[in-house]
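First up is the structure itself, then whatever we jot down about it.
Any read-out appearing in this document is the output of simple, stated calculations on the displayed coordinates, not a laboratory observation. Quick caveat, the model's predicted, so the values are computed rather than measured. FYI the Cβ positions are ideal-geometry reconstructions off the backbone, even for glycines, and counts take in every protein chain you see.
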Amino acid sequence: MEIFYQITLSVKTLLACSILPFLYFGLHAKYWYSPNRLRNIDIMLVLVASLSAAAIVISMTAPGRSAEGIDAMLLAFAHLCPLALTFLIVAEGRRRPKVTHTHQNPNSTSDETSYIPAPISAIEHLTWDDLIVSHELKRELDTVVRLLHDPQSAAQYGIEAPKGILFQGPPGTGKTTIAKVMANVAGLSFFVLRSDDIVSKWVGESEKNLSKLFHAAQKHAPSIIFIDEIDSIGKTRASDGQRFNDNLLNHLLQLVDGVIKAQGIYIIGATNRADLVDSALKRPGRLNKVIEIPLPDMNARAELFRLYLSKLTLEAEINYFFLAKMTQGCSGATIKEICNQAGLNAFQRESAGSKKDRQYQVTHNDLMTALEQFAPTSLQHGELPSGTYGN
C-alpha cells in the first residue's frame with residue numbers, strides 16, 4: 001500500500017494512461033486475423049487499466065493528499081478518463097461478433113466492399129454424435145479427421161494427409177454440417193469461402209481476395225477452408241469459357257497445389273454436381289479424396305424425425321419408421337422442414353382462437369399436412385399409425 005502512496009501524478013503518467021485506448025486499436029489492427037491473440041490482448045489491457053485505476057485511487061487517499069486542492073482532483077480525474085474509455089472499448093469490442101470483416105475498396109465508386117477473411121470461431125460445437133449418417137460413412141470421415149489431426153503419425157506410415165476433400169451428393173444432405181464436425185473434432189480453424197465475398201468486378205481483385213483467405217488460413221494453421229458449391233468457381237474450363245473464370249480457377253489451383261506455400265491448410269469442397277468440377281481440381285494432390293454423401297436411408301430418416309420432432313410437443317406418440325417410409329428419397333433438410341412446417345401448422349391453427357385455449361401441441365393433421373406439402377410423391381393416403389419409436 002505504501003508504494004501506491006508514493007505515486008505522484010504528472011503529465012507523464014497522464015500520457016501513459018492516455019496511450020491505452022490507442023494501443024487497443026493498434027494491436028487489433030495488427031493482429032486482426034488471430035482471435036485468440038486478440039482475446040489475450042484485451043485481457044492484458046483490462047488488467048493494466050484496472051491496476052492503474054486502483055493505483056490512482058489509492059494514491060489520492062494517501063495522508064496529506066486531501067489538502068492538495070481541486071487541481072490534484074482534476075488531474076486524477078483526467079487519469080481515470082482514458083482508463084474508463086479503455087474498459088468501454090474492450091467491452092464493446094468483445095460484444096460484437098467477429099466472424100468476418102470488410103473494408104472499403106479504394107478503387108470502388110459504389111458501396112462494394114473488399115473481403116478480409118477471419119475464421120468462424122463461433123461455429124456450433126458439433127461432434128460425431130450430432131451426425132446422423134451411416135456407420136460406414138462416419139468411419140470413413142473419422143479416418144480422414146485422424147489424418148488431419150495428426151499428420152506426423154500418418155507420415156510414419158509413409159502416407160500423406162489428403163490435401164483436399166470433395167463432398168458430393170444431393171442438396172440438403174448435410175455436407176456443411178459434416179465439414180463443421182470435422183473441424184471441431186480435429187481441432188482445426190474453420191474458414192468458409194463464399195463466392196459473393198471473393199468475386200469482384202475489379203480486375204485482379206478476386207484473385208487477391210482468394211489469396212487473403214489462404215493467407216489468413218495459414219496464420220491459423222492447421223485449418224480447414226470449406227468451399228460450398230465449389231463448381232461455381234471451379235467449373236470445368238472450356239475453349240469458349242470466360243477468361244475471368246479461368247483466371248480465378250487457375251489461381252485456386254495454385255493455392256491448393258502449394259505453388260503458393262499453404263502448409264497446414266485443408267480444403268473441403270462440396271457440390272451436388274461433381275461432373276461440373278474441373279478435372280484439374282480433382283486430380284491427386286488436390287481434391288483427391290472424394291466422399292459421397294448420399295440421401296439418408298430408412299434408419300437415418302427415422303432418426304432425423306426423432307431428433308427434429310423432439311423439439312415439438314406432440315399430441316400423440318408417433319411411429320418414426322412409418323414417417324421414414326413415407327419420405328423415401330427426402331434429404332435431411334427436407335425432413336427438418338417437414339417438422340418445422342408441422343409446428344407452423346399448429347401455430348396457425350391455434351392462433352385463430354384465444355390464447356388461453358392454446359395447447360401448443362402438434363397434431364396428426366398438422367404433420368400430415370406438412371407431409372403433403374413437402375413429400376407429396378411419397379405420401380400414401382391413410383391414417384398415420386401411432387406407436388413408439390422403433391416399433
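Let me know the shape class of region 252-379, please: from the alpha-carbon gyration tensor, a ≥ b ≥ c as square roots of the eigenvalues, rounded when a/c is under 1.5, otherwise prolate if a/b is greater than b/c, or oblate.
Note, shape of region 252-379 comes out prolate.
Kindly put V199, V256 in sequence by how many other C-beta atoms sit within 10 Å of each C-beta, fewest to most.
Fewest-to-most Cβ neighbours within 10 Å comes out as V199, V256.
Which entries of K325/K355; K212/K289; K138/K219; K175/K219; K212/K282; K30/K282 show an alpha-carbon separation above 27 angstrom in the structure shown?
Long pairs (Cα-Cα over 27 Å): K325/K355; K138/K219; K30/K282.
Using alpha carbon centroids, what distance separates region 325-343 and region 167-208, in Å?
Their Cα centres are 25 Å away from one another.
Sorted by packing (mean other beta-carbon atoms within 10 Å per residue), highest first, where do 10-19, 360-369 land?
Highest mean packing first, the order is 360-369, 10-19.
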